[in-house]
1. Report every pair of residues separated by at least 6 positions or lying on different chains whose Cβ atoms are under 8 Å apart, first residue within the range 30-45 and in a loop (DSSP other than H, G, I, E, B), second of a type in the set (Asp, Glu).
2. Within the range 1-34, can you find the residues that are hydroxyl-bearing (Ser, Thr, Tyr) and either modelled with pLDDT under 95 or touching an Asp or Glu at 6+ places or on another chain (Cβ under 6 Å) (or both)?
3. Going through the range 25-39 one residue at a time, which ones are open to solvent by less than 50 Å² (accessible area, probe 1.4 Å) and over 12 Å from the mean Cα position of the chain (by Cα)?
4. Being basic (Lys, Arg) and either under 18 Å from residue 32 (Cβ atoms) or at pLDDT below 95 (or both) is the filter here, so list the residues in the range 77-101 that pass it.
5. Report yes if residue 79 is within 14 Å of the chain's Cα centre (by Cα), open to solvent by 50 Å² or more (accessible area, probe 1.4 Å) and free of Cβ contacts under 8 Å to residues at least 40 places away in the same chain, otherwise no.
6. Being among the aliphatic types (A, V, I, L, M) and exposed (fewer than 13 other Cβ atoms within 10 Å of the Cβ) narrows it down to one of 10, 22, so name that one.
7. Scan the range 2-20 residue by residue and report those that are in a helix (DSSP H, G or I), under 13 Å from residue 70 (Cβ atoms) and of a type outside the set (Lys, Arg).
8. Determine, yes or no, whether residue 28 is closer than 18 Å to residue 91 by Cβ and touching a His at 6+ places or on another chain (Cβ under 7 Å).
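The values are calculated or read from the model by the stated rules, or taken from the named source; none is laboratory data. Just so it is clear, the model here is predicted, and its values are computed rather than measured. Every residue, glycine as well, gets a Cβ built from its backbone with ideal geometry; the counts of neighbours run over all protein chains shown. Just so you know, the surface numbers come from the protein's heavy atoms only, side chains and all, with ligands and any DNA or RNA stripped out. Shrake-Rupley method; radii C 1.70, N 1.55, O 1.52, S 1.80 Å.
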Amino acid sequence: MTERVLNPVADANLYDRFEAIASILTAYSPHNAIYMVEVVYLDYDQDWKWTTIVRKGYNECQILYPRDWQRIIEADTMEKLFEIVKDLVNDKYELDYGKKD
């Protein structure tokens, strides 16, 4: 599935996965950042928008790469979603969780 805008009702099962990840990241943010599911530009020049997770309140930005988006869409178990959260927290850009040793 190509990165796109998800409808919270029609795509509820998929949308809820993004919401779950955002909630977990918010709950454990060491800098009290808030993670939200929003529709933003993936590519402004192509007018291509997508549903993604953004960080608010601390170094605001989009936190997903297209590969992360695809993994969330394909996740079919809670374990896979938790693995994605773990990978996001340990990402080379460290989110707001500090540097990985």
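1. Pairs found: 30/96; 31/96; 33/96.
2. Within the range 1-34, the first condition is being hydroxyl-bearing (Ser, Thr, Tyr), and the residues that meet it are 2, 15, 23, 26, 28-29.
The answer is 2, 26, 28, 29.
3. 29, 33
4. Within the range 77-101, 86, 92, 99, 100 qualify.
5. Taking the combined requirement at face value, the residue does not satisfy it.
6. Of 10, 22, the one residue that is among the aliphatic types (A, V, I, L, M) and exposed (fewer than 13 other Cβ atoms within 10 Å of the Cβ) is 10.
7. Listed by number, the residues that qualify are 14, 18.
8. Working: closer than 18 Å to residue 91 by Cβ: yes; touching a His at 6+ places or on another chain (Cβ under 7 Å): no.
Answer is no for this residue.
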